[in-house]
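The values are calculated or read from the model by the stated rules, or taken from the named source; none is laboratory data. Here the structure is a predicted model, which is why all the values come from computation and not from measurement. Cβ sites come from the backbone with ideal geometry, for glycine too, and all protein chains shown count toward neighbours. Please note that ligands, DNA and RNA were not included when accessible areas were found on the heavy atoms of the full protein model with its side chains. Shrake-Rupley method; radii C 1.70, N 1.55, O 1.52, S 1.80 Å.
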Amino acid sequence: DQQVKQNSPSLSVQEGRISILNCDYTNSMFDYFLWYKKYPAEGPTFLISISSIKDKNEDGRFTVFLNKSAKHLSLHIVPSQPGDSAVYFCAASPMNRDDKIIFGKGTRLHILP
Amino acid sequence: DVKVTQSSRYLVKRTGEKVFLECVQDMDHENMFWYRQDPGLGLRLIYFSYDVKMKEKGDIPEGYSVSREKKERFSLILESASTNQTSMYLCASRGSDVAGANVLTFGAGSRLTVL
């Protein structure tokens, strides 16, 4: 049973436009949500996070939105750049720091020239 | 910056061989994790450790074991490698970002091929 779902395996976006990556979760006990970016043959790198007490967090070109009632979060990248082409993983963490972090299956983002 | 170092980037082993994957972190983090990444399956947790000599099974522990004798080192062991264990293995260490979220810092990964 997938607790964190990324329903789009891939997404193609024109350079300069907005990229929107979506993530749904089922467990209402999740307290923090994170996005990671992964290039081939490298480990994932942390991008941005959001606490369940907020509905938006912004860091440069990256903004994460959280809709708790819908159990949905999204990552917006504006403007999209060629270096943004990667696999993006959504992750969720309960408040208990000793508990595991659950990852989605990832969305591969292609930025088109 | 937290650094998580995985000793082997690429390994090729034969079916039935014993395989050790080593991971070291330099920020005194208590929690460490082993994941594997496979196309279409995302990141799946194999084992994690809260502290020295402590370990917990993740979602797919079968065929694997782990060792945490020192705080900075977390080893993944494949007792008898099989072809379905061909994968990218990722080690991670847990800290906190500015907002207090539980952020995992990953190593570069170890690509294991079992023939």
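Structure summary
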| read-out | value |
| --- | --- |
| Residue that is most open to solvent (accessible area, probe 1.4 Å), among those in the range A:63-97 that are touching a strand residue (DSSP E or B) at 6+ places or on another chain (Cβ under 7 Å) and in a loop (DSSP other than H, G, I, E, B) | A:MET95 |
| Check on B:ASP51, at pLDDT below 95, within 24 Å of A:PRO40 (Cα to Cα), within 11 Å of another protein chain (Cβ to nearest Cβ) and surrounded by fewer than 16 Cβ atoms within 10 Å (Cβ to Cβ) | no |
| Among the residues listed as B:ARG9, B:ARG44, the single one being open to solvent by 50 Å² or more (accessible area, probe 1.4 Å), under 29 Å from A:ASN57 (Cα atoms), at pLDDT below 95 and within 14 Å of chain A (Cβ to nearest Cβ) | B:ARG44 |
| Residues located in the range A:31-44, provided they are within 20 Å of B:TRP34 (Cβ to Cβ), facing chain B (nearest Cβ under 7 Å) and either of a type in the set (D, E, K, R) or under 15 Å from the mean Cα position of the chain (by Cα) (or both) | A:LEU34, A:GLU42, A:PRO44 |
